[in-house]
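Structure record follows, encoded as structure tokens.
Please treat every number below as a calculation from the coordinates, not as lab data. As the structure is a computational prediction, the values presented were derived from the model and not from experiment. Cβ placement follows ideal geometry from the backbone for every residue including glycine, while neighbour counts extend to all protein chains displayed.
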Amino acid sequence: MAEQRYSGRPASPGLVIGPLHVLATRSAATRARAGDAAAEHARLDGALGRARDDLAALMATAGTEGEEILAFQVELLDDPALVEHARAAIDAGEPAAAAWSAALDEQIEGYVAADDEYFRARAADLDDLKTRVVDLLEGRWPDELPTVEGTILAGRDLSPSGFIAAERARLGGIALAEGSAQSHVAMLARARGLPMVVDLGAVPTGADEAILDAEHGMLVTAPDPTTRDAFAVRRRARAQTEERAVALLGSPATLPNGERVACLLNVDDPQSIEPALLDAADGVGLWRTEFLFLHRAQLPDEGEQYAAYTALLDRLTGRPVAIRTLDVGGDKPLAGVSLPSESNPFLGLRGLRLCLDRPELFRPQVRALLRAAPGRSLKVMLPMVSRASELAEARAFFDACLEELRGEGVEAAMPPLGMMVETPASAVAIDTFDADFFSIGSNDLVQYTMAASRDAGGRVAALADPLDPAVLRLIERVVAHGRATGLEVSLCGDMAAVPGCAERLLALGLRRLSVGPAALARLKLAVHDHAG
Amino acid sequence: MSAARDEVTIRHPTGLHARPAVKFTKLAKTYPAAIRLRGSGEAAWVDAKSIVKVMALKLRTGTTLELEAEGDGADEAVAALRGLVERNFDEDG
């Protein structure tokens, strides 16, 4: 058996070698009606009872998150409103399995059509329950599960209950031909620190051992001796790195020459960040305020925003917090805000463009920020700026809101007003912008410069390379402008968290880097080990 | 026979979604009274003991929920369900 490589996307990080267990692909078998309506009702009852027992047994070993996911399925099983649809179909002549499938499909349709992603994601749970009962009715045994600890489980996709059942054997990793990094299974894998790769394109066949590289999103089946050796070296290095990085977390990051490097955090919902990481950071380099706005029936008013902003600022006591104003576009619906339907929302009305277009959306946020500024280390940065006039317009808007607040007798102050550098236009003409500081948004800068999305996969994703000379030259240009003017330049984005990239950024002269919470320790290590 | 009625606003950030809804219907089922609910301003009432019906309302945060109960323990049922919603379903969010 020759070595074979499958390329996908990481859904939960890690690096592991182990026996490979491939789940059988299900066939959508339908079975003729076994008996009269009474017999089919009895078969359905039997299957529902058995499904309930099986789920209860699974819940006992599932852990908190898994148990909550399964509790929803059990509650559905117990709901007469669900079963009565299936009963009616049986009375109309359907076999039990088809009747149950149709009843669940009807529900699933409603969830798939929901405009709220939390509700949409429940479709997978209903599908899981549908399959469980249909399998029982059709006498199909559940998949044979791995029994050896450390097994890499591979398949087309994996249901939440399938994951929980397989986890009893203590898996080594998960490799899926399809799947999604946003699925319940990916969430569970991350919670347990289990490496997982999705979107591999094909289910591996014919091998009984594999290396799962969930750092690069790769599965290597039947690895040959050279690959094994390289893997062993990487794994050792990774373990040592983790250990050293964690040891450095609590201290300020300094280069070998003694120079300080500010290691900052990218934050979405502050609630989701470990307090120890908030304490270990030199501040917040990017606070995405979108989490306050999305998935809501009503947008947050000025008071709610003020409370949220001051809570984090006060939590960080004196360390800088750079709050980015609302950065959404046509791809992210907001309650009560009608956005134009655009063929390419990433080149459309988004970020600052949208906020300037909809002052009723922008004003409460700007007023909340101005009110939060006095006596606090707040900085405000504006996203998606292409030309100097937009920044000037935003500044005038902030000035007008400040006047308004002072006129009302409300305490307020103008914080430093900076901009994200994420369009090639802003990087090229950086000297034309009247900003108090610059923060390079590497994710968008890479995508807009290379005209390639990271999510595209394959050939296109490979182009979205943060180390492409075009990207590095733009970054260099911004850093040089900062040095010439004395204005602060930082970089926030995944780039600073990718091994190898942080070193390049330090070499380019950046001394303020902002990364997601999981990467903070590794960033401090990269600073500590920097050879320049 | 007693009857009770009340309303309460959902503050949980993700609304009445799977995990909170399971707690809600489980609590409702502990009372013999018939209990129904609807989003404020909606016409149709649904059975508070049915997860399928409750989830189908897709009630988001900020929505006001109307509760009605009839029969044994109606007052206690409405008070208990209202309390659960007010306590954000006993979750931190």
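Distance from the C-alpha centroid of the stretch A:285-355 to that of the stretch A:408-483: 18 Å, rounded to the whole angstrom. Indicate, rounded to the nearest 5 percent, the antiparallel portion of the DSSP beta bridges found entirely in chain A. Bridges in chain A are about 35 percent antiparallel. Close amide H contacts of A:M218 (hydrogens built in the peptide plane, cut-off under 5 Å, sequence separation of 5 or more or a different chain): A:G8, A:D213. A cut-off of 5 Å between modelled amide H atoms, ignoring neighbours fewer than 5 places along the same chain, links A:V267 with A:L286, A:W287, A:R288. Per residue, the convex hull spanned by the Cα atoms of the stretch A:249-529 measures out at 131 cubic angstrom.
Ranked by how many other Cβ atoms sit within 10 Å of their own Cβ, fewest first, the residues A:S338, B:S40, A:S101 fall in the order A:S338, B:S40, A:S101. Please state the shape class of the stretch A:37-137: rounded when a/c is under 1.5, otherwise prolate if a/b exceeds b/c and oblate if not, all from the C-alpha gyration tensor. Note, shape of the stretch A:37-137 comes out oblate. Annotation: aspartates and glutamates with alpha-carbon distance below 17 angstrom to B:K29 (same-chain offsets under eight excluded): A:E75, A:D78, A:D79, B:D47, B:E68, B:E70, B:D72, B:D75, B:E76.
For the stretch A:500-509, the Karplus equation 6.51 cos²θ - 1.76 cosθ + 1.60, evaluated at θ = phi - 60°, returns couplings of x, 6, 4, 4, 5, 5, 5, 5, 6, x Hz by residue, with Gly and Pro reported as x. Computed from Cα positions, the angle between helix B:74-86 and the longest principal axis of chain B comes to roughly 10 degrees.
In order along the stretch A:169-180, the phi-based Karplus estimate (6.51 cos²θ - 1.76 cosθ + 1.60, θ = phi - 60°) of 3J(HN,Hα) comes to 7, 6, 5, x, x, 10, 10, 10, 5, 10, x, 8 Hz; Gly and Pro are listed as x.
DSSP bridge analysis restricted to the stretch A:249-529 gives an antiparallel fraction near 5%, rounded to the nearest 5. Rounded to whole numbers, the Karplus 3J(HN,Hα) couplings from phi for the stretch A:205-221 are 10, x, 10, 10, 9, 7, 9, 10, 10, 8, 8, 9, x, 9, 10, 10, 8 Hz, using 6.51 cos²θ - 1.76 cosθ + 1.60 with θ = phi - 60°, and x at Gly and Pro.
Once divided by 2.2 N^0.38 Å, the Cα radius of gyration of chain A becomes 1.11.
Specify whether the C-alpha gyration tensor of the stretch A:357-454 places it in the rounded, prolate or oblate class, a ≥ b ≥ c being the square roots of the eigenvalues: rounded for a/c under 1.5, otherwise prolate if a/b is larger than b/c and oblate if not. It comes out prolate by the Cα gyration axes.
When you filter the GluC sites (Glu not before Pro) in the stretch A:273-358 for DSSP loop state and at most 14 other Cβ atoms inside 10 Å of their Cβ, you are left with A:E342.
Please give every one of the lysines within straight-line cross-link reach of B:K26, meaning a C-alpha to C-alpha distance under 18 Å, and leave out same-chain neighbours fewer than 8 residues apart. The qualifying lysines are B:K49, B:K53, B:K58. When the charge dipole of the protein assembly as shown is built from unit charges on Cβ atoms (+1 for Lys and Arg, -1 for Asp and Glu) and taken about the Cα centre, the candidate among A:F437, A:A412, A:A11 whose Cα reaches farthest toward its positive end is A:F437.
When +1 charges are put on Lys and Arg Cβ atoms and -1 charges on Asp and Glu Cβ atoms, the dipole computed for the protein assembly as shown relative to its Cα centre reaches about 1440 debye. Dividing the helix sum by the residues of the protein assembly as shown, where each DSSP H run of 4 or more adds -39500 (n - 2.57), gives a mean residue ellipticity at 222 nm of -13500 deg cm²/dmol.
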